Structures are given as structure tokens and as C-alpha cells.
1. Grab the beta carbon distance between residue 168 and residue 37, set R0 = 35 Å, and tell me the FRET efficiency rounded to 0.05.
2. Can you compute 3J(HN,Hα) from phi for each residue in segment 155-166, using the Karplus curve 6.51 cos²θ - 1.76 cosθ + 1.60 with θ = phi - 60°, rounded to whole Hz and x for Gly and Pro?
3. Would you mind telling me which residue in 154, 163, 104 has the biggest mean-square fluctuation in a Gaussian network model of the chain, where springs connect alpha carbons within a distance under 10 angstrom?
4. In the chain, what is the volume of the convex hull around the alpha carbon atoms, normalised per residue and reported in Å³?
5. Taking the chain as a Gaussian network, Cα atoms linked when under 10 Å apart, which of 135, 78, 92 shows the biggest mean-square fluctuation?
6. Using modelled backbone amide H atoms (1.01 Å from N, in-plane), which distant-in-sequence or interchain residues come within less than 5 Å of residue 72's amide H?
7. Relative to the present Cα-Cα distance, how much length would full extension add between residue 138 and residue 115 at 0.36 nm per residue of separation?
8. Convert each backbone phi in segment 20-28 into a coupling constant with the Karplus relation 6.51 cos²θ - 1.76 cosθ + 1.60 (shift: θ = phi - 60°), then list the ³J(HN,Hα) values in order as whole Hz, x for Gly and Pro.
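Taken together, the values in this text are just the output of simple stated rules run on the coordinates, not laboratory data. Predicted, not measured: the structure shown is a model, and the values here were computed from it. Positions of Cβ are generated from backbone atoms using ideal geometry, with glycine treated the same way; all protein chains shown enter the neighbour counts.
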Amino acid sequence: MSEPGWSRAQRRLHWAVALLVPLTLALGFLMVELPWRPLAPKFLAYQFHKSFGVVVFLLVLWRLVLRWRRGRPAEDVALPAWQRRAAGLVHAVMYGLLLAVPVLGYLSAASAPAQVPTMVFLLLPVPHVLAPDEARFALLRALHLWLAVGLVALALGHALMALRHHAMGQPVLRGMWRG
Ligand code: HEM
């Protein structure tokens, strides 16, 4: 299905996710470096990292539902076919990573020997479905970290391509900004 432009909800969701992912990444790097004493800043950084990650996961699910129900604008036929195929592939991988990274983060939190509880915005407790396990935690934590870095690298490439098309007078960036 193709639509004349992105809907307002689709545009808002795109920019909300684009803002939250680097914020969550930066908070992830910061929280692991914070000392254990005093405990409160580290605990709060973990809770907000996990909360933003959960919000990213839910917003991406919402984006996928909208895209499935409403579709997306038709691709610009002025672009070479290989570029359209490459863009489609990058978008699909980004959607996959946007769902996989929070899930791996949650599974890391559940496996962590330290068993820091997961409380969305300090209000909503999320039960840990796995028992603590040092080896599983190490594996999931590494996967979570490297896929998060991969996601942000891909998103940067995606942003640079959008800027390049914008500079060449193509309406892709304007379409995501103004519809
Ligand atoms: C877009 C979403 C997310 C991004 C980009 C992200 C990114 C990161 C990064 C960069 C780190 C630092 C890794 C390191 O230095 O070892 C990290 C660690 C971690 N994240 Fe996430 N994260 C996301 C979502 C989540 C979610 C939803 C949860 C849990 C509900 C979570 C739980 C954790 C845990 C438990 C750690 C390991 C901390 C430790 O080693 O003690 N993350 N994350």
C-alpha cells in the first residue's frame, strides 16, 4: 500500500525514536561507568536507561502497526533501483535492531547477577523472567552492546544519506519533516 505522504503520527514516531535511541545509548555508557557509591545516581541511570529502552520498543511496535495498516509513501522513481533496494534493506535491518536491542537489554537485566529490579519510570515493575546467570549475562550484555552500536552506526548512515538527498533537491527529508 502507498500513501501520498507520511501521516503526522508516523512522522512524530520517527523523530521521537530518532531522539530516544542516542539518548538511551549515551545513558547506557554513562550508567556502567558510574561508581556504585553513592548508589542513587547509578540506580536512577539504570532505571531511566531501561525505561527509555522500553519506550523505544513500544514506539517501534506502534510504528510497525501504522506502517502495516497505512503503508508508506511511494518511493521516488528518480532514484536508481539499487539505491531504493539498499534503502529498503537498511530500513528493515533498523526495524529489526530497534526491536532486538531493547529485548536483549531486558534479557541482560533479567540475567544479571546483581539483580537490579526493572521499574519503568520508577513506577511500573517489570518482572524478570530469567534466573540470574553470570555466563548468560556476559553473552547477552555483549550482544546488547554491539547491536546497539550497530544500530546507531546504521542510523547515522541513514541520516547522512537523507541529508545528501536533501542537498540534491530530493524531497525525502522534507517528507519526513512536514508530510
Ligand atoms: C534503544 C534501546 C537501547 C539502547 C540503544 C541501549 C544501549 C545500551 C548500551 C550502550 C549499554 C552499555 C553497554 C556496556 O558498556 O556494557 C547498555 C547496557 C545495558 N542495558 Fe541497554 N540499551 C537499550 C535498551 C535497554 C532496555 C530496554 C533494557 C532493559 C529493560 C536495557 C538494559 C541494559 C542493561 C541491563 C545493560 C548492562 C548494564 C551492565 O553491564 O551492568 N537496555 N545498553
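1. So the FRET efficiency works out to roughly 0.05.
2. Rounded to whole hertz, the list is 5, 5, x, 4, 5, 5, 5, 4, 5, 5, 4, 4.
3. 163
4. Dividing the Cα hull volume of the chain by its residue count gives 129 Å³.
5. 78
6. For residue 72, the qualifying residues are 3.
7. Roughly 6.9 nm would be gained on extension.
8. 6, 5, x, 5, 5, 4, 4, 5, x
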